[in-house]
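Visitor: Below: one structure in structure tokens.
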Amino acid sequence: MKLVEMLGFLILLFLASVEPDVCPIEINPPSMVVRYGDPVTVNCTVSTNHLGMGWVAPQNTVDQQTGVRSLLWTVEHLTTWDVAPLCFANLVGKPQCSKEVSVTVYSKCVSLCLLPLIVLKVLQF
Ligand SMILES: *[C@@H]1O[C@H](CO)[C@@H](O)[C@H](O)[C@H]1NC(C)=O
């Protein structure tokens, strides 16, 4: 009897600890690689009712909006290197949940493309 009780308690404890942290946010695309200066669009969708959703980003933050299921984060010219835009949603009776988009920004030519020009200039003199 005692053992059964203890087992039941342990199972309850286990269930409580593995209860999934449900954040009903879906981001499309979930990650991306963008060239510096290029446009970016990410779609955030919340699958449950919420009190407001928005985007927090170093460029083009989207203020919290209510009554929408999906919200776009759009940048015409991405000129920030470390971008991790965050889509958040304030849920009813639950803590705010959010998901981050992984954006890798690259530049085709910064130093490598200038090098031949510099060499040419040096050779001209
Ligand atoms: C964003 O995604 C949702 C769910 O897939 C879709 O219904 C909605 O049309 C999308 N919005 C845009 C602007 O693509």
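Rule-based calculations on the coordinates, nothing more; no lab input. None of these values were measured; they are calculated from a predicted model. No Cβ is skipped: glycine too gets one built from the backbone with ideal geometry, and neighbour counts run over all protein chains shown.
Visitor: Go through 30-39, 89-98 and give me the packing order, highest mean Cβ count within 10 Å leading.
Guide: The densest-packed peptide leads the list: 89-98, 30-39.
Visitor: By how many nm would the segment from ASN43 to TYR106 lengthen if fully extended, with 0.36 nm per residue of separation less the alpha-carbon distance?
Guide: 20.6 nm
Visitor: Sticking with this structure for a sec: Give the Rg (one decimal place) followed by the Dmax (whole number) of the range 23-107, computed from C-alpha coordinates and expressed in Å.
Guide: 12.8, 44
Visitor: Could you work out how much longer the chain between VAL33 and LEU72 gets when fully extended? Use 0.36 nm per residue separation minus the Cα distance between them, nm to one decimal.
Guide: 12.3 nm
Visitor: Continuing with the same structure: For labels at GLN65 and LYS94 in the simple 7 Å Cα→Cβ model, what's the distance in nm?
Guide: 2.1 nm
Visitor: Within a 10 angstrom radius of the beta carbon, how do TRP55, TRP81 rank from fewest other beta carbons to most?
Guide: TRP81, TRP55
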